[in-house]
Amino acid sequence: MCKTYEGGNMRKSLAVLGLVMVMVIFLASGSQAQFLGQLSTAQSPGPGNSFLGGYFGIYEDAFSFFGQYRYGFANYLDGAIKLGFINVDANGFRNTGSQAGLLVGGDVKYQLLDAVLGDPFDLAIGGGTEFTAASDFNLFSLGGNLVGSYPFELSNGKHISPYARFNLRMQRQGDGGTTTNLKAGMNFGTQLELDKKWNLIGEFFIDEQIGFVFGFNYKL
């Protein structure tokens, strides 16, 4: 896959500005629950390329099964949709016992830095939304993401790519009443290339719900 490298100085300046803004807001914000995470590196799959993913998540008061489809719209620009199910111990939210619910989300990101072209790491900025609906409560969020990663080459020629995401969002929680607040969270993950098609991935959540999600990504 070939990529053109234009406007490198502008992209680096935007990356630094985005990082500063995210860190300032992050340090001033509290945390709240999200369940779908990032589950991809900062590197874009490239125009016309895509992958499918399947995952299992374990959190303090919930567990989930969900999938992801990510598609490259253009050089450095890609987006994803995520859909699945969650079982929530709602005592951790509203003291109403265990409940099954629906998870729906999506994101779009643009890659600012590219390690393949000599940048120190891959960096992407974007936005996303997530909706969790159970019997007695729901969570809706809309915000921005900053994702950084780096592909380390192993002795067998495969790659292992640690990554991190800062997430800043407005979140609305409905549980008999409604509250809307500015929230923040962090995700740390690693993707391991098994072959040209298959990748294993695992991701830790540092949010109101501490959690871990693991699964696979399959290149189409």
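The values are calculated or read from the model by the stated rules, or taken from the named source; none is laboratory data. Computed from a predicted structure; not experimentally measured. Note that each Cβ is placed from the backbone with ideal geometry, even for glycine, and that neighbours are counted across all protein chains shown.
Computed quantities for the displayed model
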{"quantity": "Contacts under 6 angstrom Cβ, first residue in region 108-119 being touching a residue at least 60 places away in the same chain (Cβ under 8 Å) and among the acidic types (Asp, Glu), partner surrounded by 15 or more Cβ atoms within 10 Å (Cβ to Cβ) and in a strand (DSSP E or B), 6 or more apart", "calculated": "Asp119/Leu113"}
{"quantity": "Candidates Gly176, Gly157, filtered to the one that is more than 11 Å from the chain's Cα centre (by Cα), more than 16 Å from Asp78 (Cβ to Cβ) and at pLDDT 90 or above", "calculated": "Gly157"}
{"quantity": "Checking Leu123 against (1) crowded, with 21+ Cβ neighbours inside 10 Å; (2) of a type outside the set (Ser, Thr, Tyr); (3) free of Cβ contacts under 8 Å to residues at least 60 places away in the same chain, the condition it does not meet", "calculated": "(3)"}
{"quantity": "Any strands (runs of 3 or more DSSP E) falling wholly within region 34-105 and containing at least 3 residues that are within 29 Å of Tyr150 (Cβ to Cβ) and modelled with pLDDT under 95", "calculated": "50-59"}
{"quantity": "Subset of region 210-220 that is among the aromatic types (Phe, Trp, Tyr) and under 16 Å from the mean Cα position of the chain (by Cα) - its residue that is farthest from Gln43 (Cα to Cα)", "calculated": "Phe212"}
{"quantity": "Flag for Lys197 being in contact with a strand residue (DSSP E or B) (Cβ under 6 Å, 6 or more places away or on another chain), of a type in the set (Lys, Arg) and in contact (Cβ under 8 Å) with a residue 60 or more places away in the chain", "calculated": "no"}
{"quantity": "Set Phe131, Phe137: member being closer than 17 Å to Gly37 by Cβ, aromatic (Phe, Trp, Tyr) and in contact with a strand residue (DSSP E or B) (Cβ under 8 Å, 6 or more places away or on another chain)", "calculated": "Phe131"}
{"quantity": "Considering residues of region 193-205 that are surrounded by 15 or more Cβ atoms within 10 Å (Cβ to Cβ) and not polar (S, T, N, Q) only, the residue nearest to Asn217 (Cα to Cα)", "calculated": "Ile201"}
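Conditions (1) among the acidic types (Asp, Glu); (2) under 21 Å from Ala42 (Cβ atoms), marked per residue:
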position	(1), (2)
Asp114	yes, yes
Leu117	no, yes
Gly127	no, yes
Leu146	no, yes
Leu168	no, yes
Trp198	no, yes
Glu208	yes, no
